[in-house]
Amino acid sequence: MLRSVILAASRSSQVERLVATAPYTRDVVRRFVAGVATDDALRATRRLVDDGLAITIDHLGEDTVTPEQATATRDEYLKLLAMLSGAGLTPAAEVSVKLSALGQLFDEQLAYDNARAICAAADSAGTTVTLDMEDHTTTDSTLEVLAKLRKDFPSTGAVLQAYLRRTESDCRELSSAGSRVRLCKGAYSEPESVAYQSAREVDKSYVRCLNILMSGDGYPMLATHDPRMISIGEDRARWFDRGPERFEFQMLYGIRPEEQARLVGEGYTVRTYLPYGDEWYGYLMRRLAERPANLVFFGRALISRK
Ligand SMILES: Cc1cc2nc3c(=O)[nH]c(=O)nc-3n(C[C@H](O)[C@H](O)[C@H](O)COP(=O)(O)OP(=O)(O)OC[C@H]3O[C@@H](n4cnc5c(N)ncnc54)[C@H](O)[C@@H]3O)c2cc1C
């Protein structure tokens, strides 16, 4: 219930204005977002890489409605990749890309062309691209674009969401050699016809999908903060004899940093998902919807006068 309210607020421009202008919002945003500029992303990447983490960087921007916006997003990624390469931060840092930000919702070919340009730049910079997954109406289109990109850039990563009923089957399809798959629970509000609704059902699906990926031939990327899923991931790594070069854990920037450090200390590969850019509002609201406990932290910041 609270989750649906927060997700509804994430689409309200009035709430957005209230949040954006509140005192202290900047500090809250900074907990989950590297900053607004490319330089901010670079600085945060350097710090995290020095701590032994791998990184995937996301340029925030979801409401792309014109070809010009889509091209500007592509150009931002090209600039980011050039800067990462120049700073010697590839291959530790790759990029995560939302096809909707590249024009998917109004011109799938344009989104593909833009994504292809980003994959080519990443390839020249010695790193990779992962295509984020958005709501279920875009799943087929995203997987089709992925398949086309993989012909030339086989290391392009997919994201599969355990809350979707179809995902076990998608995991089987994508568990072949060389296939990089990020498994997450899923962050959107989806109808019962396509998605499991209870946390228990989603967790059970996550474990079934994890088993398929960890026993397959691809490169699983276990994206979760859930202690139970992480412990099952560690268990399956031992069971299937997967060393740190054959799978990784992924977590979001600002969430469970001590756990990220612990896993690095244990010798695992851990990749932090690092967002930056000025369109932080929708991203921040999804993080709050996942964990309403963060609302207390957020509410305190909103009313603070300091
Ligand atoms: C790297 C990465 C990339 C992602 N990419 C996508 C994507 O492309 N598409 C998409 O739909 N979703 C994506 N997500 C979001 C994902 O789908 C989930 O919404 C999100 O990760 C929350 O699920 P969870 O597995 O972390 O655990 P949850 O089910 O949210 O939480 C389970 C348990 O984890 C612990 N926990 C969770 N959050 C916190 C916290 N803030 N502090 C302390 N403990 C916590 C608690 O013990 C909690 O009970 C991504 C997530 C990650 C980590």
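The values are calculated or read from the model by the stated rules, or taken from the named source; none is laboratory data. Note that the structure is a prediction, hence the values are computed from the model and not measured. When we count neighbours, we look across all protein chains shown, and the Cβ atoms used for this are built from the backbone with ideal geometry, even at glycine. Please note that ligands, DNA and RNA were not included when accessible areas were found on the heavy atoms of the full protein model with its side chains. Shrake-Rupley method; radii C 1.70, N 1.55, O 1.52, S 1.80 Å.
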Which one of the conditions (1) within 16 Å of the ligand (Cβ to nearest atom); (2) open to solvent by less than 10 Å² (accessible area, probe 1.4 Å); (3) touching a residue at least 40 places away in the same chain (Cβ under 8 Å) does residue 84 fail to meet, given that it meets all the rest? (1)
Here are some residues: 246, 182. Which one is outside any helix (DSSP H, G or I), under 22 Å from residue 266 (Cβ atoms) and touching a Gly at 6+ places or on another chain (Cβ under 7 Å)? 182
From the set of residues in segment 171-195 that are within 12 Å of the ligand (Cβ to nearest atom), free of Cβ contacts under 8 Å to residues at least 60 places away in the same chain and more than 25 Å from residue 128 (Cβ to Cβ), which is least open to solvent (accessible area, probe 1.4 Å)? 195
Could you tell me whether any residue of segment 249-269 is hydroxyl-bearing (Ser, Thr, Tyr) and either in contact (Cβ under 8 Å) with a residue 40 or more places away in the chain or part of a strand (DSSP E or B) (or both)? yes
Inter-residue pairs, beta-carbon under 9 Å, first away from the ligand (no atom under 12 Å from the Cβ) and in segment 271-291, second of a type in the set (Asp, Glu) and at pLDDT 85 or above, 6+ apart: 276/40; 276/58; 277/58; 277/76
